[in-house]
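Below is one structure; the comments refer to it alone.
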Amino acid sequence: FSYPEKVDVQNCDKEPIHIIGKAQAHGVIVAANPKTFEVTQASENTLKFFGISHKDFLGISLEKLIGKLPVKRLQASIAEESGFAAEDLKINENNFVMLAHLSEDNLILDFEILGKTWNPTHFQQQLTSIINGLDTTNSIPTLCDRAAKLMKNIFGYDRVMVYRFDEEWNGEVVAEEKEEHLESWLDLHYPASDIPSQSRKLFLNHKVRIISDVNYEPVPIAPEISPVTNKPLDLSRSALRGVSPIHIEYLQNMKVGASLTAAIIVNGNLWGLVACHHYSAKFINYYQRETCKFLTQIFSNNISTIQTGIFNKKINENSELRQRIVEELKIEDSLAEGLAKTSVPFTSLIESGGGAVILDNEIKLFGKTPKEAEVLEIRDFLAQKDEVIFHTKNLKSQYPKAENYKKSASGILSFKLGRAEDNFIIWFRPEVAETVSWGGDPNNKVSYNEEKQRLSPRKSFEKWTEKLDGISHSWQDYDLETAKVFRENLNQFLLAKQKEEISRLN
Ligand code: BLA
């Protein structure tokens, strides 16, 4: 696995940012052998921070740098597999925090300047303000606003944004706190490629990342290849990992001088990010970042609580309607006939424009739908799918013919019924002709920079609007759950009818 010679916008989703081989300049990355505690690799800024030249530093025993007791504690943590505690140290008259972790067979140590001194009273006040500030509300937008305010108050970045991902990993700024003179980015949308998947994946682990100085000189780690593993160092969990040059260029284009990015993880998935920008260099130390982690943890938990509340409310509301439909069906012989007669149409179980029942080559349409022949084509498309329950908010992206009826069926949610492959219940959702503001033109972001004669990420962050074409509102988790339970109900109905039939024949 080697680093590509040139990283540009064409291949940057493949850039192996975890083995970048560079440190940020506000600290030292040291790799040591976890058995012998001999230093095997280090970033080339040891002289500046430790007063020891890089050449003299390689090969020394860690003990010489940090002292006997801290090494003993590292040893114990490795032996007990208990995780490493942050260790405050004084080296060369500088106060450092040392952050240790194991990466493959390397012990990686990040030495960061502590900067601001630690004040326990202040810290406690911050935690209290976080707990109180994010106290329960049942609105996610309100919660996001409060989180952005707290982040701004506590950490003082010029701009704090809550950035929420959609199903395709495009993102939207859903809350913002900023210095007054800055132009607002609230409601702007950004394409998924701006935060490629390898970067999103890292956030699930390290959760908070700072870039303390966008205009820093990257510090190479030497030797490049670990003598322990014969591979480049995996820096996924290093707090000092250097930054992809593409992302640096991106930030420079925005005139950003420093950033802090924190993961909002809801039920194990990356829900969004808190993205903070400063218009000059800005460093916040490890303990402040732990406070930030605490804040995003509470924030994430509260999102989860609110979402569960919404889910339960929807399911309860639906359950009554659903039971009424099932009850009314009991006296019916044919499911298709029965569904056409219920006092509440089944289409109202799930927010939709219309629906269809296709059973034993009988088809019934409800509300706003494509024409019968078109629905039968959709049926053939669905019959090839493996999924029992299928949904999309953009049917034409998978089935181009759907362009013709996107006004009624941009989105569909369907399930297979009974044992036959071509029995279906379908809900249709119409196109929402929304106007979306993009932070830059996603079709034109690979702009050719004549000066540098190379591709660069888009230079322009002017508002650009795109009409969403052939896209419906998204299907929600409670919609899918309702479909799942309704399918079980209808399958039971079919099974009961079959049994009746058999006993009649006997
Ligand atoms: C990383 N891109 C990121 C990160 C953010 C964004 C938040 C994580 C930064 C970090 O780890 O500290 C994007 N930042 C945004 C967006 C906003 C913001 C959308 O503030 C909106 C307000 N970037 C591109 C393109 C490519 C790209 C076209 O725009 C390549 C195809 C790559 N972005 C890219 C890479 C990283 C990144 C490779 C990882 C950087 C790293 O961790 O080294």
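What helices (runs of 4 or more DSSP H) completely inside segment 353-417 contain at least 2 residues that are surrounded by fewer than 18 Cβ atoms within 10 Å (Cβ to Cβ), in the same structural domain as A340 (by TED's automatic domain parsing) and free of Cβ contacts under 8 Å to residues at least 12 places away in the same chain?
In segment 353-417, the matching helices (runs of 4 or more DSSP H) lie at 372-383.
Is it the case, given these coordinates, that L295 is in contact (Cβ under 8 Å) with a residue 40 or more places away in the chain and within 11 Å of the ligand (Cβ to nearest atom)?
No.
Looking at (1) more than 8 Å from the ligand (Cβ to nearest atom); (2) under 30 Å from F311 (Cβ atoms); (3) of a type in the set (A, V, I, L, M, F, W, C), which one does A281 not meet, given that it meets all the others?
All conditions pass for A281, except number (2).
Listed here are the residues, each with its yes/no results for (1) surrounded by 16 or more Cβ atoms within 10 Å (Cβ to Cβ); (2) within 18 Å of A25 (Cα to Cα); (3) not assigned by TED's automatic domain parsing to the domain that holds A25.
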position	(1), (2), (3)
I78	yes, no, no
S82	no, no, no
A85	no, no, no
N95	no, yes, no
E112	yes, yes, no
N119	no, no, no
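Do any helices (runs of 4 or more DSSP H) lying entirely in segment 43-99 carry at least 3 residues that are of a type in the set (A, V, I, L, M, F, W, C) and out of contact with any helix residue (DSSP H, G or I) (no Cβ under 9 Å at 6 or more places or on another chain), and which ones are they?
68-80
Scanning segment 231-272 for residues that are farther than 22 Å from H101 by Cβ and in contact with a helix residue (DSSP H, G or I) (Cβ under 7 Å, 6 or more places away or on another chain), which turns out surrounded by the most Cβ atoms within 10 Å (Cβ to Cβ)?
Result: I264.
Kindly indicate the residue of segment 163-180 that is modelled with pLDDT of 95 or more and over 18 Å from L143 (Cα atoms) and also farthest from the ligand (Cβ to nearest atom) among those meeting that condition.
My answer is E180.
Can you give me the number of residues within segment 425-444 that are over 14 Å from E351 (Cα atoms) and at pLDDT 95 or above?
Matching residues across segment 425-444 total 1.
Given the criteria among the hydroxyl-bearing types (S, T, Y), surrounded by 21 or more Cβ atoms within 10 Å (Cβ to Cβ), within 30 Å of H101 (Cα to Cα) and over 18 Å from the mean Cα position of the chain (by Cα), does Y163 qualify?
No: the conditions fail for Y163.
List the residue pairs whose Cβ atoms are under 6 Å apart, where the first residue sits in segment 267-283 and is assigned by TED's automatic domain parsing to the domain that holds L186 and over 15 Å from N205 (Cα atoms), the second is of a type in the set (S, T, N, Q) and assigned to a loop (DSSP other than H, G, I, E, B), and the two are 6 or more positions apart or on different chains.
Taking only residues 6 or more apart or on different chains, the pairs are F283/S212.
Restricting attention to segment 11-25, which residues are within 14 Å of the ligand (Cβ to nearest atom), under 27 Å from I60 (Cβ atoms) and not polar (S, T, N, Q)?
H18, I19, I20, G21, K22, A23
How many of the residues in segment 218-261 are closer than 17 Å to D105 by Cα, touching a residue at least 24 places away in the same chain (Cβ under 8 Å) and assigned to a loop (DSSP other than H, G, I, E, B)?
Qualifying residue count for the region: 13.
Only residues that are among the basic types (K, R) and within 33 Å of the chain's Cα centre (by Cα): list them for segment 71-129, please.
K116 - this is the single residue of segment 71-129 that is among the basic types (K, R) and within 33 Å of the chain's Cα centre (by Cα).
Do we find a residue being in contact (Cβ under 8 Å) with a residue 12 or more places away in the chain, crowded, with 16+ Cβ neighbours inside 10 Å, under 22 Å from the mean Cα position of the chain (by Cα) and within 16 Å of the ligand (Cβ to nearest atom) anywhere in segment 299-307?
No, because not a single residue in segment 299-307 is in contact (Cβ under 8 Å) with a residue 12 or more places away in the chain, crowded, with 16+ Cβ neighbours inside 10 Å, under 22 Å from the mean Cα position of the chain (by Cα) and within 16 Å of the ligand (Cβ to nearest atom).
Check E249, E224, E290, E317 and return the single one that is among the acidic types (D, E) and within 11 Å of the ligand (Cβ to nearest atom).
Only one candidate qualifies: E249.
Are there any pairs, at least 6 apart or on different chains, whose C-beta atoms fall under 7 Å, with the first in segment 173-191 and basic (K, R) and the second part of a loop (DSSP other than H, G, I, E, B), and if so, which?
K178/D158; K178/S184
Among the numbered conditions (1) assigned by TED's automatic domain parsing to the domain that holds F111; (2) modelled with pLDDT of 95 or more; (3) crowded, with 17+ Cβ neighbours inside 10 Å, tell me where Y287 comes up short.
In the conditions (1) assigned by TED's automatic domain parsing to the domain that holds F111; (2) modelled with pLDDT of 95 or more; (3) crowded, with 17+ Cβ neighbours inside 10 Å, Y287 misses (2) alone.
When segment 16-66 is examined, which residues are found to be closer than 18 Å to K90 by Cβ and hydroxyl-bearing (S, T, Y)?
T46
The values are calculated or read from the model by the stated rules, or taken from the named source; none is laboratory data. All figures in this text were calculated on a predicted structure; none of them were measured in a lab. When we count neighbours, we look across all protein chains shown, and the Cβ atoms used for this are built from the backbone with ideal geometry, even at glycine.
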